[in-house]
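**Q** Quick one: the structure is below, questions incoming.
The values are calculated or read from the model by the stated rules, or taken from the named source; none is laboratory data. The structure displayed is predicted, hence computed values, not measured ones. Note that we place each Cβ from the backbone using ideal geometry, even for glycine, and neighbour counts take in every protein chain shown. Just so you know, the surface numbers come from the protein's heavy atoms only, side chains and all, with ligands and any DNA or RNA stripped out. Shrake-Rupley method; radii C 1.70, N 1.55, O 1.52, S 1.80 Å.
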Amino acid sequence: MTTSLKAFTAIVALFLLSAAVAACGKSEANVKLQGAGASFPAPLYTKWFKSYGSAHPNIQVDYQSVGSGSGIKSFMDHTVDFGASDAAMKPEDMAKVQEGVQLLPMTAGAIVLAHSLKDVPNLKLSRAAYVGIFSGKITKWNDPAIAKTNPDAKLPDMPINVVVRADSSGTTFVFTKHLSTVSKEFESNVGVNTMPNWPVGTKSKGNEGITASLMTTPGSIGYIEYGYAKSQNVPFAVLENKAGNYVEANTASASAALASGQLPPDLIAWVPDPEAKDAYPIVTYTWMLFYKKYKDPSKATALRALIEYGLTDGQKDSEALGYVPLPPDVVNKVKAAAQNIS
């Protein structure tokens, strides 16, 4: 082989090696995903994103727990790569998103009525009692409607300090949907909303804000996500369900409630007042919001991989954090729908 041929061969080899390295680097390009929305699933999502980022250093996910309403707005304004909402998304809002919208239920859970009555850890509230409290009609902790279901408890003779969400909240949407189903009067006077005009209550932002208020203000009650209440060691009430049974919130009772609802093709389903005798009464799926078309293909690829992780390994984290693992048939439906993202 001549010297010039050897030199040419070496140059070609070096070029091919450089191209291979470049191609490899390209496939491992750094991708940063920005998300915002619901505080309800935030503890679980935060764990997912941290674990996934550790295993895939080139993909980093920043999720801001700002409430479902703000998450939907950010998604519609295209200031995030994905949103999250317990209230799903209105068809008229989805129609405004040019790229198309794919909603995927990623987990589910219960909403509890947490309180600050540490001397009454096993507080039981009838449907009439908790609707009355959040309607502003029951205002004292020793009201007969509460005393009736807690005959051995030392209920304080003090005002009930109701704490509600200050922000546009999917948790509020689900809670008011339940209250409106139980009470036609509540439906007429307050109704279903992410940010209703409550007849009573002080306002705090997010699960975090309501929990802080409960911990610092005696005689308080508010609605927060079950797993968050568990993690903060906040007591919560046992509630009467539609069957007339008093049921504590846990993974089993929330699963029993969700089992009564079937997911339609759009993957949006509500179970506002489950009928099963062992069902906890206030439960919901919670959704991630994605565009069907992304300008940056690397983001679409990264998001599909992240969704796959959440539906497989991520589900294993659900129960420990107080969420309900999705049933296999739901997982299969969500995996199929995720293929619409490109």
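**Q** Restricting region 291-314 to residues that are over 14 Å from Val61 (Cβ atoms) and aromatic (Phe, Trp, Tyr), which is least open to solvent (accessible area, probe 1.4 Å)?
**A** Of everything passing the filter in region 291-314, Tyr291 is least open to solvent (accessible area, probe 1.4 Å).
**Q** Another question, if that's okay. For region 89-146, give me each residue that is closer than 18 Å to Pro272 by Cα and under 21 Å from the mean Cα position of the chain (by Cα).
**A** Scanning region 89-146 gives Met89, Lys90, Pro105, Thr107, Ala108, Gly109, Ala110, Ile111, Val112, Leu113.
**Q** Which condition number does Met288 fail, the rest of (1) more than 22 Å from Gln60 (Cβ to Cβ); (2) in contact with a Gly (Cβ under 9 Å, 6 or more places away or on another chain); (3) among the aliphatic types (A, V, I, L, M) being met?
**A** (1)
**Q** Here's something else I'd like to know. Given the structure, is Ala337 touching a residue at least 24 places away in the same chain (Cβ under 8 Å), under 20 Å from Ala95 (Cα atoms) and assigned to a helix (DSSP H, G or I)?
**A** On the way: touching a residue at least 24 places away in the same chain (Cβ under 8 Å): yes; under 20 Å from Ala95 (Cα atoms): yes; assigned to a helix (DSSP H, G or I): yes.
For Ala337, the condition - touching a residue at least 24 places away in the same chain (Cβ under 8 Å), under 20 Å from Ala95 (Cα atoms) and assigned to a helix (DSSP H, G or I) - is met.
**Q** Follow-up. In the list Tyr285, Tyr323, Tyr294, which residue meets the criterion of being aromatic (Phe, Trp, Tyr) and farther than 22 Å from Met94 by Cα?
**A** Values: Tyr285 fails: farther than 22 Å from Met94 by Cα; Tyr294 fails: farther than 22 Å from Met94 by Cα.
Only one candidate qualifies: Tyr323.
**Q** If you take the residues of region 315-341 that are open to solvent by 60 Å² or more (accessible area, probe 1.4 Å) and of a type in the set (Asp, Glu), which of them is nearest to Leu267 (Cα to Cα)?
**A** Asp329
**Q** When you check Lys277 against the structure, is it of a type outside the set (Val, Ile, Thr) and surrounded by fewer than 18 Cβ atoms within 10 Å (Cβ to Cβ), yes or no? Write out each step before concluding.
**A** Values: of a type outside the set (Val, Ile, Thr): yes; surrounded by fewer than 18 Cβ atoms within 10 Å (Cβ to Cβ): yes.
Answer is yes for this residue.
**Q** If I filter region 75-88 for residues that are in contact with a Ser or Thr (Cβ under 7 Å, 6 or more places away or on another chain) and open to solvent by 10 Å² or more (accessible area, probe 1.4 Å), do I get at least one hit?
**A** Yes, region 75-88 contains at least one residue that is in contact with a Ser or Thr (Cβ under 7 Å, 6 or more places away or on another chain) and open to solvent by 10 Å² or more (accessible area, probe 1.4 Å).
**Q** Confirm whether Pro264 is open to solvent by 40 Å² or more (accessible area, probe 1.4 Å), more than 18 Å from the chain's Cα centre (by Cα) and within 24 Å of Gly69 (Cα to Cα).
**A** It is true that Pro264 is open to solvent by 40 Å² or more (accessible area, probe 1.4 Å), more than 18 Å from the chain's Cα centre (by Cα) and within 24 Å of Gly69 (Cα to Cα).
**Q** What strands (runs of 3 or more DSSP E), lying completely within region 156-239, carry at least 1 residues that are on the phi < 0 side of the Ramachandran plot, of a type in the set (A, V, I, L, M) and open to solvent by less than 10 Å² (accessible area, probe 1.4 Å)?
**A** 161-165, 220-225
**Q** Okay, next question. Considering only residues that are of a type in the set (Gly, Ala, Ser) and surrounded by fewer than 22 Cβ atoms within 10 Å (Cβ to Cβ), which ones fall in region 89-109?
**A** Scanning region 89-109 gives Ala95, Gly100.
Yes/no matrix, rows are residues, columns are (1) open to solvent by less than 80 Å² (accessible area, probe 1.4 Å); (2) farther than 28 Å from Thr171 by Cα; (3) not in a helix (DSSP H, G or I):
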| site | (1), (2), (3) |
| --- | --- |
| Ser39 | yes, no, yes |
| Pro43 | yes, no, no |
| Lys47 | no, no, no |
| Lys50 | no, no, no |
| Gln60 | no, no, yes |
| Gly69 | yes, no, no |
| Ile72 | yes, no, no |
